[in-house]
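Novice: Take this structure, written in structure tokens, and hold onto it; I'll ask about it next.
The values are calculated or read from the model by the stated rules, or taken from the named source; none is laboratory data. Remember, predicted model here, so these are calculated numbers, not experimental data. Reconstructed Cβ throughout: ideal geometry from the backbone, glycine too, with neighbour counts over all protein chains shown.
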Amino acid sequence: MYKRNYRNTEDAISILGFGCMRLPKINPDRPEIDEVAAQALFDYAFEHGINYFDTAFNYHQRLSEPFVGKALKKYPRDQFYLASKMPGFLVKEEKDVDEIFEKQLENCQVDYFDFYLCHAISDESFKVYDDCNIMEHLLKRRADGQIRHLGFSFHGSPEKLEELVERYDWDFVQLQLNYVDWNVQNAKRQYEILDAHGLPCIVMEPLRGGTLAVLCDEAAAVLRESEPDKSLASWGLRYAATLPNVLTVLSGMSAMDQVADNICTMENFEPLSESEMALVNKAGDIFTKTKTIPCTGCRYCMDCPSGVEIPGLFKLYNEYMLGEDKNDFVNGYKALGPEKQESQCTACDQCTEHCPQSIDVPEALKKVTALAEKLL
Ligand code: SF4
Ligand code: SF4
């Protein structure tokens with residue numbers, strides 16, 4: 001597996017990292033992990049050189065960390081890099097910080113994290129870090145060796161990013177970066193800020209929650225004509241890894257065919273050539289112009305107080321808009337039932353405030369209504 005060294009250290013990180021937020025599940029509607037299937041993915045990944053595993057306190061409704069701890073226990077601690085995250089959004093008072101951190105060490109069955117992040121920082125969400133002295137606790141953990149590298153995952157504006165990177169002595173930052181968000185979500189500007197500050201960039205959502213592994217017919221044709229044997233996902237991973245300040249590209253893998261395909265792409269990684277880069281940008285432009293709702297399925301907007309299944313509705317909408325079957329939309333929409341459909345929305349805007357993609361959720365739900373009225 002192709003690796004990059006963290007700054008000038010001997011920490012050699014696989015260019016493909018294993019994101020542990022979409023592990024195989026026993027029941028698609030429940031958070032419980034299919035541990036046999038997930039362990040098989042981890043074992044295959046580890047045997048093929050993936051050595052970076054990224055989990056978080058709240059992934060799989062708090063079941064990801066305990067699984068990751070169990071699954072990696074069989075491997076020597078110095079042969080993998082483990083990342084987890086402080087859920088600032090769950091911190092109500094200062095004492096919560098140490099309680100959560102200790103619980104995370106216990107969950108993961110480790111006595112240190114290689115990479116530790118303040119989770120999902122946006123323009124507003126850093127306030128709790130000040131109010132509850134979270135950074136003081138995390139900096140002490142780093143000084144004590146329980147955090148080797150301290151960073152944050154970011155979903156805000158370039159201005160806020162600039163402010164934060166200058167405020168603390170960070171070791172890295174995790175950005176949502178892919179060939180659609182490079183322009184649409186200011187990823188280019190954010191990457192440049194990290195580069196200027198000498199901060200390594202870890203990439204999340206290189207395939208935008210899987211949508212760039214599907215694209216739309218017209219955009220997909222641009223890439224398939226050039227390389228019929230390569231998956232659409234491979235273009236997205238190579239795009240992110242072509243940026244020289246990227247340390248690793250995370251992929252939230254949930255099936256063996258994804259793991260195998262991603263490893264095939266990254267084990268002998270080749271940066272995109274100029275002509276390949278032009279093709280990817282062309283496909284991205286076509287895709288962006290299609291009428292999808294840019295939801296990544298992260299579920300930060302949930303739970304809706306009125307019961308609306310926001311990401312599920314957007315997924316149904318996007319799949320239909322990407323050329324999926326009418327029946328899939330109709331069946332999926334009916335399966336949600338009236339209590340989870342967008343008709344329950346009171347436009348309270350609670351969800352919009354939490355959406356890292358800045359989706360105006362009530363407005364976007366109107367598109368779902370229009371589609372449902374057309375198809376039902
Ligand atoms: S705006 Fe609508 S969908 Fe969003 S939280 Fe409020 S009721 Fe739920
Ligand atoms: S609407 Fe926004 S917060 Fe909710 S799942 Fe989609 S991207 Fe995430």
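Novice: Would you mention how many residues in segment 91-109 are in a helix (DSSP H, G or I) and among the basic types (Lys, Arg)?
Specialist: 2
Novice: From the list Cys345, Cys355, pick out the single residue that is near ligand 1 (Cβ under 10 Å from one of its atoms) and within 24 Å of the chain's Cα centre (by Cα).
Specialist: Just a single option satisfies the conditions, and that option is Cys355.
Novice: Here is a check on your reading of the model: is Pro311 within 19 Å of Arg22 (Cα to Cα) and away from ligand 1 (no atom under 12 Å from the Cβ)?
Specialist: No.
Novice: For the list (1) away from ligand 1 (no atom under 12 Å from the Cβ); (2) more than 23 Å from Ala240 (Cα to Cα), I need the number of the one condition that Leu279 fails.
Specialist: Only one criterion in (1) away from ligand 1 (no atom under 12 Å from the Cβ); (2) more than 23 Å from Ala240 (Cα to Cα) is unmet by Leu279, namely (2).
Novice: Turning to a different aspect of this structure: Just for helices (runs of 4 or more DSSP H) wholly inside segment 279-376: which have at least 3 residues that are near ligand 2 (Cβ under 10 Å from one of its atoms) and farther than 29 Å from Asn183 by Cα?
Specialist: Those helices (runs of 4 or more DSSP H) do not exist here; none qualify.
Novice: Quick one: how many residues across segment 163-193 are of a type outside the set (A, V, I, L, M) and part of a loop (DSSP other than H, G, I, E, B)?
Specialist: Adding up the residues that qualify gives 8.
Novice: Check off (1) crowded, with 18+ Cβ neighbours inside 10 Å; (2) touching a strand residue (DSSP E or B) at 6+ places or on another chain (Cβ under 7 Å) for Gly49 and give me the number that stays unchecked.
Specialist: Gly49 satisfies all of (1) crowded, with 18+ Cβ neighbours inside 10 Å; (2) touching a strand residue (DSSP E or B) at 6+ places or on another chain (Cβ under 7 Å) except (1).
Novice: While we're here: Do we find that Lys160 is in a helix (DSSP H, G or I) and either in the same structural domain as Ser358 (by TED's automatic domain parsing) or closer than 30 Å to Glu99 by Cβ (or both) in this structure? Break it down into steps so the answer makes sense when it comes.
Specialist: Values: in a helix (DSSP H, G or I): yes; either in the same structural domain as Ser358 (by TED's automatic domain parsing) or closer than 30 Å to Glu99 by Cβ (or both): yes.
Considered against the rule, which asks whether it is in a helix (DSSP H, G or I) and either in the same structural domain as Ser358 (by TED's automatic domain parsing) or closer than 30 Å to Glu99 by Cβ (or both), Lys160 comes out as yes.
Novice: When you look at Leu247, is it part of a helix (DSSP H, G or I), buried (at least 19 other Cβ atoms within 10 Å of the Cβ) and at pLDDT 95 or above, yes or no?
Specialist: In short, no.
Novice: Scanning segment 200-210 for residues that are touching a helix residue (DSSP H, G or I) at 6+ places or on another chain (Cβ under 7 Å) and either not assigned by TED's automatic domain parsing to the domain that holds Leu250 or not in a loop (DSSP other than H, G, I, E, B) (or both), which turns out farthest from Arg299 (Cα to Cα)?
Specialist: Here the answer is Cys201.
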